[in-house]
1. Setting aside same-chain residues fewer than 8 positions from A:LYS149, which aspartates and glutamates have a Cα under 12 Å from its Cα?
2. If you take each beta carbon of peptide A:159-167 and count the beta carbons of other chains within 10 angstrom, what is the mean?
3. Could you pull the Rg and Dmax for the range A:174-237, using just the Cα atoms, both in Å?
4. For the range B:103-229, what does the alpha-carbon gyration tensor say about shape, rounded, prolate or oblate, given a ≥ b ≥ c as the root eigenvalues, a/c under 1.5 as rounded, and a/b over b/c as prolate?
5. When the gyration tensor of the range B:65-140 is built from Cα positions, what are the square roots of 5 times its three eigenvalues, in whole Å, from largest to smallest?
6. Considering only chain A, pick the residue with its Cβ nearest the axis of the rotation onto chain B, and state the distance in whole Å.
7. Excluding same-chain residues fewer than 8 positions from B:LYS90, which aspartates and glutamates have a Cα within less than 12 Å of its Cα?
8. Distance between Cα centroids, the range A:141-215 to the range A:17-36: provide it in whole Å.
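A short reminder: the numbers here are calculations on the coordinates, not readings from a lab. Just so we're clear, the structure is a prediction, and the values are computed from it rather than from any experiment. Positions of Cβ are backbone-derived with ideal geometry, glycine not excepted, and every protein chain shown enters the neighbour counts.
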Protein chains: 2
Amino acid sequence: MAETRRDRLRAATVEEIIRTARRLLVEQGQDAVTLRAIAREMGMTAPALYRYFDSHQELLTRLVGDLFNELTDVLGEALCTVSPDDLAGKFLVVAREFRRWALAHEREYALLFGNPVPGLDIDRDDFVAECGRRFGRVFMTLFLELWSKSPFPVRSDEEIDPSLRRQLARYRDAMSVSLPLGAILVFIQCWVRLQGSVSLEVLGHLGFALDDPAPLFELMLADLAPQLGLRYSPPER
Amino acid sequence: MAETRRDRLRAATVEEIIRTARRLLVEQGQDAVTLRAIAREMGMTAPALYRYFDSHQELLTRLVGDLFNELTDVLGEALCTVSPDDLAGKFLVVAREFRRWALAHEREYALLFGNPVPGLDIDRDDFVAECGRRFGRVFMTLFLELWSKSPFPVRSDEEIDPSLRRQLARYRDAMSVSLPLGAILVFIQCWVRLQGSVSLEVLGHLGFALDDPAPLFELMLADLAPQLGLRYSPPER
DNA sequence: TCGCTACGGTGAAAAGCGTTAACTGCTATG
DNA sequence: CATAGCAGTTAACGCTTTTCACCGTAGCGA
């Protein structure tokens, strides 16, 4: 009762708002993440949120960026659990942790890697774009380490389609990594298979045939590892 | 003017409504496919649409089913352009035509293969489920033909993880095809790579590295074909 | 201590959404 | 000819984002 003054004093924080938005996302789906619902959960009214965000879109954008950062951190921590010279272990743990996070956070994953949120041009927003790049660097850094510590055979530049070669060179320059174009190609191919299979599974597009795609995922890893000069080993337990 | 009576007589049709809905989807995105907008485009009011659909969801469901059918037909027609005994040609043309349709109909593709539309449980709706099965059968039929006319080496049942083996058997029975489990496995693996890479491209998740993933797609086909005992050949023109 | 500004909220309102209910013509049928 | 039913309407409810005017408090300078 006497707290009404203290309550008035206590201003909401951006973090609190994002946390509430995420809770709504997880519990009720993307459509439930409305300004009114967020405000209601926090005991305020919707227009108050405009003190913190210019629009609903911007709030969602911020949430996307935070999710990217969380996923990046999770993968980074998983990497730390592997002995530094166990290259195969690093590759496998990152791939498996990516899938694990995706399955444990389906709706967050769909927000990051599913249909592009209309009006949320990820590359047009500096914050989210940086979070995305940071996320991508986890994989690129790992890949760079794999290659530098134990190079594997890749296509020579001449063996790569000219159009593709140009694109790979541009990407390599943008990332400022010194890898042969053939290695960049392998990197992208691996990423497409990894994200492609996880997306299909999380978004429910494998249910037509499988309830548990885990063994299929492991088969893919077993197929990918040798291409990177790594030895596949099944997950523990 | 004198046409008001004729106009009153002319009832809307379900096909017309779906066509209008699709036009809005294509031109303005999924969020623009509202009952009010559809009705406005057709010169009526929103509640009138409830004579044809129980809800907005049901309208969208019907649209999804129709899109599945169109895609199925497109793939079927593409198959007809290939000489009956050109197995590799059939595989390549279906894969390429799938990607082509996806790129030419990004928003339709996103509706079919992107984030699951909330409340639109594809498997819970008989109509859409049947359209989906019909679509899947295009690939399964082709695959069955590939295998029966020129079997390629596959894993034996014993070489397949027991959990995966059970799932494959269940799927094989549901599809009523007589293929070894190893072949079913290859089928699913191919499908995951095909749909995975097309989804990533269409949903804009390859843009971080490539503007034109076409050569990457061709590389994937060149990798897939030998696994099916087929010889890859680059696309014409 | 007074006065002012800036902050963080409120309520009302506009415009648009899905959905329901009551109503209105018109057609076709018994 | 009456009537049932179809295909549309308007009105309304509650939801959405967003803008606007307003209000009380905190903290600061004079």
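1. A:ASP85, A:ASP86
2. 4
3. Rg and Dmax of the range A:174-237, Cα atoms, are 14.2, 42 Å.
4. Judged from the Cα gyration tensor, the range B:103-229 comes out oblate (a/c at least 1.5, b/c at or above a/b).
5. That gives 25, 14, 9 Å for the three semi-axes.
6. A:GLY196, 1
7. Excluding near neighbours in sequence, the set is B:GLU77, B:GLU145.
8. Comparing the Cα centres of the range A:141-215 and the range A:17-36, I get a distance of 33 Å.
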